[in-house]
Structure formats: structure tokens, C-alpha cells
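Each remark here refers to the structure printed beneath this line.
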Number of protein chains: 2
Amino acid sequence: MELSRRGDYAVRAMLDVATRPADRMTVTKEIALRQDIPPIFLTKIVSSLSQAGLLRTYRGVAGGVALGKPADQISLLQIIEAVDGPIYINRCLIRRGECDRDRTCPAHELWVQAQGELLGLLANKSLADLARRAQELQQAPMAGFAA
Amino acid sequence: MELSRRGDYAVRAMLDVATRPADRMTVTKEIALRQDIPPIFLTKIVSSLSQAGLLRTYRGVAGGVALGKPADQISLLQIIEAVDGPIYINRCLIRRGECDRDRTCPAHELWVQAQGELLGLLANKSLADLARRAQELQQAPMAGFAA
DNA sequence: GGCAAATAGGATATAATTTATCCTTTTATG
DNA sequence: CATAAAAGGATAAATTATATCCTATTTGCC
Ligand code: SF4
Ligand code: SF4
């Protein structure tokens, strides 16, 4: 019932790329440093994100990674499913018939609903939303003590 | 991101007890048979449910288990948390400060919201709701082919 | 061409968690 | 006292998650 580290890392990595100047390439190792993600592990994650088309990667000396499409066309759901595969909150939601009780199981209906809401939320939240919010949070004045 | 087997079993076991005649005791082994749950594993689950007050258990020859309180006062959330511990969909929701980025992390806010919705759904669905729905589903006519 | 810097990918190690069973004890009934 | 049930501790087995290592490939630049 918990998001994998991979998924959390992937979101942070995408956010890191999205909040850098778009004209310069971002290098995986630097993302790892800034975001405190195990560097070699991150290369795997970047690879998945790249295969999903969410990142574009460039090899070689001046290489690095950049967004594969505009940030407002990348949803959180896409990011997470790119690295963790399809999300399901119970196994009967993998596909119909995966659990042979699903026709008569009242819990099944509940999971269908819960999953729908979760996926909806993630599908409607874009990387651009997050990036915007990230800036707000960074600029936010501290709830300071000295007036 | 997936419910544990334990959690799924727990819901089914509770539902099984809730849909039996309340005057007779239900025996764990029989629940296991009916619900197709590994019997010894189920004893552990029953034990957790009992410690959480959701089941009352009785040892000895005429023993067994019964609901610990009325079915409409038992939420799905209680059942699942009784066997799996507190639900959190990302580790920053375990407690404040668990991830030191949580003050400035835009993803954190998303998880807070998602978790709120999920827990709300589970907290508002009672075992009685499920039991009622179970009866409906059993009585429901098949979407038959022969007219 | 050859070196250096970057991603790609396969294999593998390590750790953590989940699932499940075994064995012994305790409790209650008749 | 024999039997049937739950309780609980220890442990096994399986699965999954996390992370690293090593080699290959691509690219820019001198
Ligand atoms: S919730 Fe019901 S249908 Fe889904 S896995 Fe559990 S038993 Fe099967
Ligand atoms: S979502 Fe943000 S706050 Fe939560 S664990 Fe990930 S990085 Fe930390």
C-alpha cells in the first residue's frame, strides 16, 4: 500500500528536470546529487522514463536528459507507471477474472472505486502543476518567529 | 501500492463472520475453508483482529469467533489497519518530518490529498455495508443468455 | 584517431518484506 | 481427562524491492 522508492525517485527526478532551464541538458549524476537518490539506481529509473517517452536522453560527452514532452502533458500517473508498471491497489484490479471471486465480492467494488479515484487524481496532476507549486513553495516566506 | 494478502483475507474473514447467523459461533478453520485462506495464516489474522477489538474470540471446545462490535460500527479502514498497521501511500505520511523534504516538496501535498481520500473512503465504508451488498450480489439474477 | 563523458543494459548482490507453516501452550467443554 | 478450539513464539520459504557492478555504446572534442 506504499509507493515504491523508485516511484518517489522518478517523480523527484522529473521535477528536477522540469525546474531547470530547458535549454541546457541535465545530467543524471547531478540529479542524483541534488535529489539525494542513489546514482546508479537513478540511471535505471531514467532509462524507464526514457522508454516511456517522458524523458529524452542523449549520450556522449555533452549528453544528458531533457523532458520528452511539455511538462503539462506529463501526468504523475504516467511517471509512476513508467517505472513501477500499472498501479493496482488490489490484485483483482490487474484484470477481470484475476480473482475468481470478483463477480460476487463486495470488496471488489470498493477497490474499483478507490482505484478510480486514486488514478484520477494522479492522471489529472501534471508535472507542470508540480513544478509551479515547487516554485511557490521555495519562495514562500518562512513562518518566522522574529516578526 | 497494493493491498497485502493479509488485508484482503481480513476483510473476507470479517465479512464471512458478519454474514453468518449471529447466534452461532464461527470457527476459524471453517472460515478458511469457505474463503480459501491458508488456515494457519488466518489464525494470525484473526488474532490481530481480536486484539483490535473487531472480533471476539472464545477458546475451547465450543469456541470460535464472533464480531467484536456491531457490523455498522466496523469500518474497512479499521479492519485493514488492524492487520497491516497504519496505511500510508508514501513514507512521508508516516509522520511529519519522516522525509525532510516534506516542507518544500510539491509531491508531498499530492500524497496528503490522495491519502485523505483513500482513508476517507475506507473509513466511511462499514462491514455492514459490505455484508448488505454481499447479499444483493448473491441474489442478483445472472445476466443470462436464454432470455 | 583516441580520450573522456555520458547513457544503456545485463547480471547479480543485498536487504527487506510478505506469506506461510510448525510447534507448544492455554483455555474451555463435556 | 480427552478433545477442540484459539494464542503465541520461532522459523521457513518465497517474493519483491533496492542497489551495485561491469561492460558496451554513443558522442563531442582535441
Ligand atoms: S477484494 Fe474480493 S475480488 Fe478483490 S481480490 Fe479480494 S476477494 Fe478477490
Ligand atoms: S513525496 Fe516528497 S516529501 Fe514525500 S517522501 Fe517523496 S520526497 Fe519526501
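The values are calculated or read from the model by the stated rules, or taken from the named source; none is laboratory data. If you're wondering where the values come from, they're calculated on a predicted model, not measured in any experiment. When we count neighbours, we look across all protein chains shown, and the Cβ atoms used for this are built from the backbone with ideal geometry, even at glycine. The accessibility values were calculated without ligands, DNA or RNA, using every heavy atom of the protein model including side chains. Shrake-Rupley method; radii C 1.70, N 1.55, O 1.52, S 1.80 Å.
Just checking, which of B:I89, B:I79 is among the hydrophobic types (A, V, I, L, M, F, W, C), in contact with a helix residue (DSSP H, G or I) (Cβ under 6 Å, 6 or more places away or on another chain), within 25 Å of B:T28 (Cβ to Cβ) and touching a residue at least 40 places away in the same chain (Cβ under 8 Å)?
So the residue among B:I89, B:I79 that is among the hydrophobic types (A, V, I, L, M, F, W, C), in contact with a helix residue (DSSP H, G or I) (Cβ under 6 Å, 6 or more places away or on another chain), within 25 Å of B:T28 (Cβ to Cβ) and touching a residue at least 40 places away in the same chain (Cβ under 8 Å) is B:I79.
If A:R103 satisfies every condition in (1) within 10 Å of chain B (Cβ to nearest Cβ); (2) open to solvent by less than 60 Å² (accessible area, probe 1.4 Å) but one, which is the exception?
Result: A:R103 fails condition (2) only.
Can you find even one residue in the stretch B:80-93 that is within 16 Å of ligand 1 (Cβ to nearest atom), more than 9 Å from chain A (Cβ to nearest Cβ) and open to solvent by less than 40 Å² (accessible area, probe 1.4 Å)? First the steps, then the outcome.
Initial filter on the stretch B:80-93 (within 16 Å of ligand 1 (Cβ to nearest atom)): B:80, B:83-84, B:87.
The next check asks that each one be more than 9 Å from chain A (Cβ to nearest Cβ); those that pass are B:83.
Then drop every residue that is not open to solvent by less than 40 Å² (accessible area, probe 1.4 Å), which leaves B:83.
Yes: one or more hits.
For the stretch B:106-134, which residues satisfy the criterion of being more than 9 Å from every other protein chain (Cβ to nearest Cβ) and either touching a residue at least 60 places away in the same chain (Cβ under 8 Å) or under 30 Å from A:I80 (Cβ atoms) (or both)?
Answer for the stretch B:106-134, where residues must be more than 9 Å from every other protein chain (Cβ to nearest Cβ) and either touching a residue at least 60 places away in the same chain (Cβ under 8 Å) or under 30 Å from A:I80 (Cβ atoms) (or both): B:H108, B:V112, B:Q115, B:G116, B:L119, B:G120, B:A123, B:N124, B:L127, B:A128.
Evaluate the following for B:L77: is it modelled with pLDDT of 95 or more, in a helix (DSSP H, G or I), more than 10 Å from chain A (Cβ to nearest Cβ) and crowded, with 16+ Cβ neighbours inside 10 Å?
yes
For A:D102, indicate whether it is closer than 28 Å to B:G7 by Cβ, at pLDDT 95 or above and either of a type in the set (D, E, K, R) or away from ligand 2 (no atom under 16 Å from the Cβ) (or both).
no
With the requirement that a residue be open to solvent by 30 Å² or more (accessible area, probe 1.4 Å) and of a type in the set (D, E, K, R), what does the stretch A:13-52 give you?
A:R20, A:D23, A:R24, A:K29, A:E30, A:R34, A:D36, A:K44
Just to confirm my filter: which helices (runs of 4 or more DSSP H) fall fully inside the stretch A:1-58 and include at least 2 residues that are within 14 Å of chain B (Cβ to nearest Cβ) and more than 9 Å from DNA strand D (Cβ to nearest atom)?
A:5-18, A:28-35
If we scan the stretch B:63-71, do we find a residue that is within 14 Å of chain A (Cβ to nearest Cβ), open to solvent by 40 Å² or more (accessible area, probe 1.4 Å) and not in a strand (DSSP E or B)?
Our first condition is that a residue be within 14 Å of chain A (Cβ to nearest Cβ); within the stretch B:63-71, this holds for B:71.
Okay, now just the ones that are also open to solvent by 40 Å² or more (accessible area, probe 1.4 Å), so none.
Within the stretch B:63-71 (the criterion being within 14 Å of chain A (Cβ to nearest Cβ), open to solvent by 40 Å² or more (accessible area, probe 1.4 Å) and not in a strand (DSSP E or B)), the answer is no, since none of the residues qualifies.
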